[in-house]
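One structure is given here, and the rest of the page talks about it.
The values are calculated or read from the model by the stated rules, or taken from the named source; none is laboratory data. Remember, it's a predicted structure, so these values are computed and weren't measured experimentally. Backbone-built Cβ (ideal geometry, glycine too); neighbour counts: all protein chains shown.
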């Protein structure tokens, strides 16, 4: 099964998604769940339409043997968990100042690759810690 990247961004009120390998296939949604469902539906619709119209289709989508991998930008991740973590909590988890986190979450600034990796690694570490919890 081949993996296909779906790029997800946050635009202030909505999430947007697109597939670099499937030009013109886009979706929007107000929540993480909604954007994932909407882009799944958009991909199916796009493939069906391309096949019906005999339009060219990247080989990965022929036969349906692919898996969508959702790749969120930093603003989308921060927006997704804004109701769970405060900027102060993100600072404690990542070591990045709250003001900088705020800039990233609003899209005012984009983190350098090293900063984005630091956020990603910190969230993965937290996830591993939480997975080890037994109650």
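Some values worked out for this structure:
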| read-out | value |
| --- | --- |
| Unique residue being touching a residue at least 40 places away in the same chain (Cβ under 8 Å) and outside any strand (DSSP E or B) when the list is 77, 84 | 77 |
| Enumeration of residues in the range 50-62 that are exposed (fewer than 13 other Cβ atoms within 10 Å of the Cβ) and either under 21 Å from the mean Cα position of the chain (by Cα) or outside any loop (DSSP other than H, G, I, E, B) (or both) | 51, 52, 59 |
| Residue match in the range 17-33 (condition: in a helix (DSSP H, G or I) and under 19 Å from the mean Cα position of the chain (by Cα)) | yes |
| Check on residue 41, within 13 Å of the chain's Cα centre (by Cα), in a helix (DSSP H, G or I) and modelled with pLDDT of 95 or more | no |
